[in-house]
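Shown next, in C-alpha cells, is the structure this report addresses.
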Amino acid sequence: MKPDHRFRRCHSFVCLALLLGWVVERPGFGEEITATVSPAIELTFPTEAGAFYQIERLQSGKWQPFGEARTGTGQSWTERLPGTASEWRVRRLRQQWALVWADEFNGDRLDPTKWSREENGYGGGNNERQFYSADPAYAPVKDGLLHLSVHRKPHTTVDGKTQPYTSARIRSLERGDWTYGRFEVRAKVPGGEGIWPAVWMLPSTPRYGGWAASGEIDILESRGSAVHETLGTLHFGGAWPKNRHVGAAYRFPGPDAAAAFHTYAIEWKRGEIRWLVDDTLWQTRTSDEWHSDAAPDQPDAPFDQPFHLILNVAVDGGFFNGTGQQADRLPDSAFPQVFQVDYVRVSQWAE
C-alpha cells in the first residue's frame, strides 16, 4: 500500500506549527488542518548575578507583573512572549520585595512541583492524635482555595498505631526553600477546640543538629477555639530537651481568625524576624534573643540557613496543655474541620 503523502505533509506541518507556538486544529486522519498564527517576540536582556528582574506586560494601560521575579545569573536571558514588543518590558527591582515563588491554588489539585504530601501517624513529638494522610481527599484544591481538612476517621499504621483523626500536612521541601524573605499566607482557620492549624518553617538541612538546635519559625498557629488570637514563635537553642523558644500572641481587633480570611506574614532578614497580620506589624525578634548551642560564635544561627514551608492541621497534644480543650468534645457534625488557604507567596528583598 502506498503511503498517504497528504497525511505526511499534514503531520509535518503540525510539528512545525507546534514548534513555532501556533494554535493547530487536527480534526482527524488525513483531513485538512486549519492554523492560526499567534504573534510572538523574543525579549532578551542582560542580568547581574543576584539581582532581581520582573517581566511586565501592559494591560488596560497599566504595567502588570508577568509571572514571578527572576534572579539574575550574570548572563543574558531570552524569553519568548506572545504579542508585540510594545506590550512588554523588563524592570530591575530595587529596594522592594520581589515575588519569587507562589501558589494561588487556582487549579483542581495540589501542585506537585511545589508541595509534597506527608504520611505520619506518630503524633509529631507532641502527642498529637491525627494521622497525616497523603490521600488528596484531605487536602483538596477547589474554588481557588486549598482545604486542609480534619476528619473524625481512625487510621491504624502498619505497626498497629491508631489515631482517631485523619488530616493532612504538606511541605515545600526539595521544591522551595529560602534563606531570608517575606513569607505571606492568606487563610481562614477552623474554630473547633483541640484543632491546631499551622503555617511554619523548618531547615531543609539541619545544619546545627536535631530539633530545635537548627531552629523552627512559626508564622501562624491557632489554638483550637481560641480564634480571637494567633501565635508567632521561634524555637532554637539545643536539641530537645535543651530547646528554647520565644514568641507572642496577636489579638484580632475585628473579625477573628475563624470568622474571616486574614493575611499572615513574616519578614525575615539577617538578624531580625518580624510578624505581621493584615500588614500590621505586631512582633519583632532579633538575634540577641536567639542562639544555637551548636554555634555559639555565630550570632545569626540557627536562622541563617535555608528553610522550607509546612502547612498542616494537627489535633490535640501538648500544645493544648492547661487549656481544657479536647477535640473529642466536638460533635460528629462539626467535622470535617477545614483550614482554608487562599494563597502562599514568597518574596525576597531586592537591594
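Odds and ends about this structure:
- Angle in degrees between helix 5-19 and the longest Cα principal axis of the chain, rounded to the nearest 10: 50 degrees
- Compactness of the range 42-93, expressed as Rg and Dmax over alpha-carbon positions, Å: 11.0, 33
- Here the sum of -39500 (n - 2.57) over DSSP H runs of 4 or more residues, divided by the residues of the chain, equals -1500 deg cm²/dmol at 222 nm, to the nearest 500.
- Relative to the current alpha-carbon distance between residue 229 and residue 278, full extension at 0.36 nm per residue lengthens the span by 16.3 nm.
- As a length-normalised measure over Cα pairs under 8 Å and 6 or more apart, the relative contact order of the chain settles at 20 percent.
- Estimated at 0.36 nm per residue, the fully extended path between residue 259 and residue 45 surpasses their Cα-Cα distance by 72.4 nm.
- Spacing of the modelled spin labels on residue 179 and residue 89, each 7 Å from Cα toward Cβ, amounts to 3.4 nm.
- Mean Cβ neighbour count within 10 Å, used as a protection proxy, ranking 39-49, 139-149 highest first: 139-149, 39-49
- Listed peptides 345-351, 277-283 by packing density, highest first (mean Cβ within 10 Å): 345-351, 277-283
- At R0 = 25 Å, FRET efficiency that the Cβ-Cβ distance of residue 119 and residue 328 yields, to 0.05: 0.60
- Its residue count N sets the reference 2.2 N^0.38 Å, and the alpha-carbon radius of gyration of the chain equals 1.21 times that reference.
- Stretchable slack from residue 102 to residue 77, in nm (0.36 nm times residue separation minus alpha-carbon distance): 6.8 nm
- Förster-model FRET efficiency, 22 Å R0, residue 321 and residue 289, C-beta, rounded to 0.05: 0.40
- Gyration tensor (Cα) of the range 203-351, equivalent ellipsoid semi-axes in angstrom: 29, 20, 14
- Annotation: lysines with alpha-carbon distance below 19 angstrom to residue 142 (same-chain offsets under eight excluded): 114, 188.
Read the figures in this text as sums done on the coordinates, not as results from a lab. Keep in mind that this is a model prediction, so the values were computed, not measured. Note that each Cβ is placed from the backbone with ideal geometry, even for glycine, and that neighbours are counted across all protein chains shown.
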